Amino acid sequence: MTDRDGATTTDSASSSAANPLSRKLNKILETRLDNDKEMLESLKALSTFFNENSLRTRRNLRSDIERRSLSINEEFLQTFQGVKEQLDSVYADVKAMNDCCQDMTSRLKAAKEQTHDLISQTTKLHAESQKVQMKLQVADVFLDKFQLKPNEVKALRGNRDGSLSQEFFNSLNKVKTIHNDCKILLRTNQQTAGLEIMEAMALHQESAFERLYRWTQNECRTLTGDSPDISPMLCQSMEALQDRPVLFRYSLDEYGTARRTAVVRGLIDALTRGGPGGTPRPIELHSHDPLRYVGDMLAWLHQAAASEKEYVHSLLKKCAVTTEQVQDILGHITEGVCRPFKVRVEQVLVSEQDAVTLYKLNNLLKFYHNTIGQIVNKEASLLTTITEIQDLSHRMFFNSLNCHANKLLDKVELPPADLSTPAALSQTMQLLKDVLACHDASVVAIDDKKQDFKQILSCIVDPLVQMCSVSASRLNAIDMACYMINCIYIMQTTLSLYEFTDTRLEMLQAQVEAQLDTLVNEQAAMVLNRVGLAEAYKMVQAYQPKQGPLSSLQGMDAGTLKSAMMQFDSFLANPDALVLPQCSLILSARIRESIKKRSMELINESYRLLFDRIKNPANEYKEPQGIVPRTPDQVMKLLQY
Amino acid sequence: MAAGPYNYSYIFKYIIIGDMGVGKSCLLHQFTEKKFMADCPHTIGVEFGTRIIEVSGQKIKLQIWDTAGQERFRAVTRSYYRGAAGALMVYDITRRSTYNHLSSWLTDARNLTNPNTVIFLIGNKSDLEAQRDVTYEEAKQFADENGLMFLECSAKTGDNVEDAFLDTAKKIYQNIQDGSLDLNAAESGVQHKPATPRNPINTDQAPIDKGCAC
Ligand SMILES: Nc1nc2c(ncn2[C@@H]2O[C@H](COP(=O)(O)OP(=O)(O)OP(=O)(O)O)[C@@H](O)[C@H]2O)c(=O)[nH]1
Ligand SMILES: [Mg+2]
């Protein structure tokens, strides 16, 4: 719009430029008072002091306005004067501040330059301090790991009275750990430290172990009660002492010695004092009863050995020991009782004469050798002692048997008239039965039993047979055979009741057979004699063809033979009539039968020979059928009834 | 240190007696191992087992001797009665003969142990009710007449087994408490282990003959 206004103005100017008045007028007319705020304000201000519209006032208006404007400007000036002054003062202040700042900046700059060194130095120191701190920590840990604390050192020294505390063991363990850890140190470049510490620890260990050993030794010495009070600390000590094998060994010896004493005392008490108020009665009260006396002692030893083994295990429960070591101590502990035990049993054995009792004792000892052998090993004196005594009992037993046998041979009696067995035989058989019966009641291994049986049998049976032979030596052959058969028969019947007697029985049977042959021959010979065929039989046996026909020989003629055969025939009618009288004295019916049967066979054999020869035409018997009317088989049948 | 299994204050010795096959070994096995041994061989002579029990807060170690019932071992087993604090006398409730032999076992027990020995009668194999040959009542009466403690047990099921062994121990312990059992006497069958720590160097105890001062 302004542009248009301008254009308009330019237009009019061009038209009315010549007229300034019109220009002015136009200008006034164009003025829009209501829009001209400035004008309005001016007018408003004017109205404040232009009160009366007079000429004078109108004339003066301009000056009035100018005066007024002047005064206002003066006032304005005055006022601004103040402002300016204040601004000047502010400016001075700011400038001063600036100066000051400038000064400070420069000073700071200087200071900064100066402290830079310090700071880097401090940083360095700080870092160093951290390193040192670290080292301190490491050193602390190291000391903690590689040195004992004062209280630990103190614990290691123990109490004045020599007693030990749990702390002692803790410290001892620590010393050990340190000592071991030093070996690691030695592999690093801390060798000097490692060596020094090791040395120090070794010293600590030495004195501590000495203390520990002394304590343990004393503790072990007190363990002489019926059952030792093995404290947890003692077990711990033994565990610790394992690091010093020699001291460990000595401590065990000490323990063993104490227990050994205790076991000896225990045995003596059981032997001589018995239980409370004498029940159970002291073992020695039964010394008149060898089996009970020895058995009680052995049972006592068995129980004591079992208990002691348990105690050793409890003492060494924390230790890594071998069975051998345990056996070693156990052997030591049970060694003390060997003598008192052995002396007593030997006394029993040497004063005992009864073979049965001796054999029972021998078996008892064998049994306990086995039983106690399950607790202590065979190197233990206790077991070797039992073995020795067992050997002694074995010898004494066989001595006793031999003694008996010798007595048998010393006074041999004549056999009784009825050829029955002598009293000595039945007595000895009874002894044998009693001895062998012991085995049924015993617990000895089969092998032992077999060995024993052999020996016992030869000890008894051989002399018995010998005794019988000697006693029979003055009898005739038939009596002797019967008597021997009777004696051996008794032995056989006894022996056949027992095991392991087979070979013996066979040997005896062979002897019977020999006697039996004698009797069979005698029996057959007697029959042939009685019927008168003995001579003929002998001749036939010895006959040789160059002698000419049999019938031509003296005594072999048909007549003689015929009459003998007739007698033989009457014998056949009743064969039992011609029996050796002694045969009926034979105890065994079976043997009697056997003699009969075998002698009949022999007789039949003889008859068969005669029959064959007589029937043989070469022998020139005229009428052989008349001489031997019966065939051998017929004779056999007759003989069998 | 924690109380280990060895820290007991008494040892009681027991003996188990009775005819062969009544189950003595099985009872012992059941008590010590808590297991039943179905085919247990005959005992040869004697065997023993141990177990630690607790009576009135006291740890007690039982040392139990199991004897062979076969007659041929009688001479041997008799030697083990001495020094027993407890005797367990066992019969088999399914075999009357084993019950009939009790009086002979009792005579042995009375003669060969000390007067304070606690005798406990056990009727074993109570699991075989169908084959029962001895009534509870008559056995109970026998026990009462002879002043014996009595229980029927089964080594097979474990029934009452624990009680028989423990009751015996309680009775022995009671005898100690009321002073009727003298611990100082030899062969009382009880050994006392003082639980209090001892003076380390026991000056009143004469040093043992070993003169070594190493
Ligand atoms: N059903 C049953 N059988 C039992 C029980 N106890 C034992 N037996 C059986 O009885 C048999 C004999 O048991 P053992 O313990 O050997 O008898 P024992 O008394 O020790 O015999 P000896 O050693 O010869 O004196 C075994 O076959 C056992 O299995 C039981 O409680 N119940
Ligand atoms: Mg058994």
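Whether any residue in segment B:41-51 is within 16 Å of ligand 1 (Cβ to nearest atom), in a loop (DSSP other than H, G, I, E, B) and without any contact (Cβ under 8 Å) to a residue 24 or more places away in the chain is what I want to check.
Yes, because at least one residue in segment B:41-51 is within 16 Å of ligand 1 (Cβ to nearest atom), in a loop (DSSP other than H, G, I, E, B) and without any contact (Cβ under 8 Å) to a residue 24 or more places away in the chain.
Please indicate, with yes or no, whether at least one residue in segment A:354-371 is of a type in the set (Phe, Trp, Tyr), farther than 22 Å from A:Asp448 by Cα and open to solvent by less than 10 Å² (accessible area, probe 1.4 Å).
Among the residues of segment A:354-371, not one is of a type in the set (Phe, Trp, Tyr), farther than 22 Å from A:Asp448 by Cα and open to solvent by less than 10 Å² (accessible area, probe 1.4 Å), which makes the answer no.
Would you be able to say whether some residue in segment A:303-325 is closer than 21 Å to B:Val46 by Cβ and of a type in the set (Asp, Glu)?
So far as segment A:303-325 goes, yes, one or more of its residues are closer than 21 Å to B:Val46 by Cβ and of a type in the set (Asp, Glu).
Only residues that are of a type in the set (Ser, Thr, Tyr) and surrounded by 20 or more Cβ atoms within 10 Å (Cβ to Cβ): list them for segment A:386-420, please.
Answer for segment A:386-420, where residues must be of a type in the set (Ser, Thr, Tyr) and surrounded by 20 or more Cβ atoms within 10 Å (Cβ to Cβ): A:Ser393, A:Ser400.
Given the options B:Ser97, B:Ser104, B:Ser79, name the one that is more than 25 Å from B:Asp127 (Cβ to Cβ) and modelled with pLDDT of 95 or more.
B:Ser104
Within segment B:55-77, work out how many residues are more than 16 Å from ligand 2 (Cβ to nearest atom) and either part of a strand (DSSP E or B) or closer than 20 Å to B:Ser25 by Cβ (or both).
8
Within segment A:189-205, is there a residue that is part of a helix (DSSP H, G or I), open to solvent by 100 Å² or more (accessible area, probe 1.4 Å) and among the acidic types (Asp, Glu)?
Yes - at least one qualifying residue is present in segment A:189-205.
Scan segment A:125-158 residue by residue and report those that are of a type in the set (S, T, N, Q) and open to solvent by 80 Å² or more (accessible area, probe 1.4 Å).
A:Gln130, A:Gln133, A:Gln137, A:Asn151
Please find, among A:Lys183, A:Lys176, A:Lys145, the residue that is touching a residue at least 60 places away in the same chain (Cβ under 8 Å), within 43 Å of the chain's Cα centre (by Cα), part of a helix (DSSP H, G or I) and away from chain B (no Cβ under 14 Å).
Result: A:Lys176 is the single residue among A:Lys183, A:Lys176, A:Lys145 that is touching a residue at least 60 places away in the same chain (Cβ under 8 Å), within 43 Å of the chain's Cα centre (by Cα), part of a helix (DSSP H, G or I) and away from chain B (no Cβ under 14 Å).
Going residue by residue through segment A:281-291, is there one that turns out to be surrounded by fewer than 23 Cβ atoms within 10 Å (Cβ to Cβ), facing another protein chain (nearest Cβ under 10 Å) and hydrophobic (A, V, I, L, M, F, W, C)?
Yes, segment A:281-291 contains at least one residue that is surrounded by fewer than 23 Cβ atoms within 10 Å (Cβ to Cβ), facing another protein chain (nearest Cβ under 10 Å) and hydrophobic (A, V, I, L, M, F, W, C).
Return the only residue of A:Ala441, A:Ala437, A:Ala445 being at pLDDT below 90, in contact with an Asp or Glu (Cβ under 9 Å, 6 or more places away or on another chain) and closer than 21 Å to B:Ala75 by Cα.
A:Ala441
Which of the residues belonging to segment A:473-493 are part of a helix (DSSP H, G or I) and surrounded by fewer than 23 Cβ atoms within 10 Å (Cβ to Cβ)?
Of everything in segment A:473-493, those that are part of a helix (DSSP H, G or I) and surrounded by fewer than 23 Cβ atoms within 10 Å (Cβ to Cβ) turn out to be A:Ala477, A:Ile478, A:Asp479, A:Met480, A:Tyr489, A:Ile490, A:Gln492, A:Thr493.
Pick from segment A:313-326 the residues that are under 23 Å from B:Tyr8 (Cα atoms), over 12 Å from the mean Cα position of the chain (by Cα) and part of a helix (DSSP H, G or I): which of them is nearest to the other protein chains (Cβ to nearest Cβ)?
Checked segment A:313-326; the qualifying residue nearest to the other protein chains (Cβ to nearest Cβ) is A:Ser314.
Looking at this structure, is B:Ser79 of a type in the set (Gly, Ala, Ser) and either within 9 Å of ligand 1 (Cβ to nearest atom) or out of contact with any Gly (no Cβ under 9 Å at 6 or more places or on another chain) (or both)?
no
From the set of residues in segment B:125-165 that are within 12 Å of B:Ile93 (Cα to Cα) and hydroxyl-bearing (Ser, Thr, Tyr), which is nearest to ligand 2 (Cβ to nearest atom)?
Looking at the filtered set, the residue picked out is B:Ser154.
Please indicate, with yes or no, whether at least one residue in segment B:18-31 is of a type in the set (S, T, N, Q), within 24 Å of B:Lys125 (Cα to Cα), open to solvent by 10 Å² or more (accessible area, probe 1.4 Å) and within 9 Å of ligand 2 (Cβ to nearest atom).
Within segment B:18-31, one or more residues are of a type in the set (S, T, N, Q), within 24 Å of B:Lys125 (Cα to Cα), open to solvent by 10 Å² or more (accessible area, probe 1.4 Å) and within 9 Å of ligand 2 (Cβ to nearest atom).
Taking the stated definitions as given, is A:Ser69 assigned by TED's automatic domain parsing to the domain that holds A:Leu46 and open to solvent by less than 80 Å² (accessible area, probe 1.4 Å)?
It is true that A:Ser69 is assigned by TED's automatic domain parsing to the domain that holds A:Leu46 and open to solvent by less than 80 Å² (accessible area, probe 1.4 Å).
Kindly indicate whether A:Glu310 is in contact (Cβ under 8 Å) with a residue 60 or more places away in the chain, open to solvent by 10 Å² or more (accessible area, probe 1.4 Å) and among the acidic types (Asp, Glu).
Answer is no for this residue.
Can you find, within segment B:32-53, the residue that is farthest from the other protein chains (Cβ to nearest Cβ) among those that are more than 9 Å from ligand 2 (Cβ to nearest atom) and under 15 Å from the mean Cα position of the chain (by Cα)?
B:Ile53
Taking B:Asn160 as meeting all but one of (1) at pLDDT 95 or above; (2) on the phi < 0 side of the Ramachandran plot, write down the number of the exception.
Among (1) at pLDDT 95 or above; (2) on the phi < 0 side of the Ramachandran plot, B:Asn160 violates only (2).
Somewhere in segment A:235-243, is a residue open to solvent by less than 40 Å² (accessible area, probe 1.4 Å), facing chain B (nearest Cβ under 10 Å) and within 20 Å of A:Gln325 (Cβ to Cβ)?
yes
What's the number of the only condition in (1) within 14 Å of ligand 2 (Cβ to nearest atom); (2) facing chain A (nearest Cβ under 10 Å); (3) in contact (Cβ under 8 Å) with a residue 40 or more places away in the chain that B:Ser9 fails to meet?
(1)
Just checking, which of A:Leu519, A:Leu464 is open to solvent by less than 60 Å² (accessible area, probe 1.4 Å), aliphatic (A, V, I, L, M) and farther than 21 Å from A:Lys597 by Cβ?
When all the criteria are applied, what remains is A:Leu464.
I'd like to verify a number: residues in segment B:54-78 that are touching a residue at least 24 places away in the same chain (Cβ under 8 Å), of a type in the set (A, V, I, L, M, F, W, C), facing chain A (nearest Cβ under 8 Å) and surrounded by fewer than 22 Cβ atoms within 10 Å (Cβ to Cβ), how many?
So the answer is 1.
Report whether or not A:Val470 is open to solvent by less than 50 Å² (accessible area, probe 1.4 Å), in a helix (DSSP H, G or I) and not polar (S, T, N, Q).
no
Given (1) touching a helix residue (DSSP H, G or I) at 6+ places or on another chain (Cβ under 9 Å); (2) at the interface with chain B (Cβ under 9 Å from one of its Cβ atoms), where does A:Glu310 come up short, assuming only one miss?
(1)
Looking at B:Leu106, B:Leu88, B:Leu112 in this structure, which one is under 30 Å from A:Leu361 (Cα atoms) and touching a Pro at 6+ places or on another chain (Cβ under 8 Å)?
B:Leu112
The values are calculated or read from the model by the stated rules, or taken from the named source; none is laboratory data. Nothing here was measured: the structure is a model prediction, and the numbers come from that model. Please note: Cβ atoms are built from the backbone with ideal geometry, for glycine as well, and neighbour counts cover all protein chains shown. Calculation scope for accessible area: heavy atoms of the full protein, side chains included, ligands and nucleic acids excluded. Shrake-Rupley method; radii C 1.70, N 1.55, O 1.52, S 1.80 Å.
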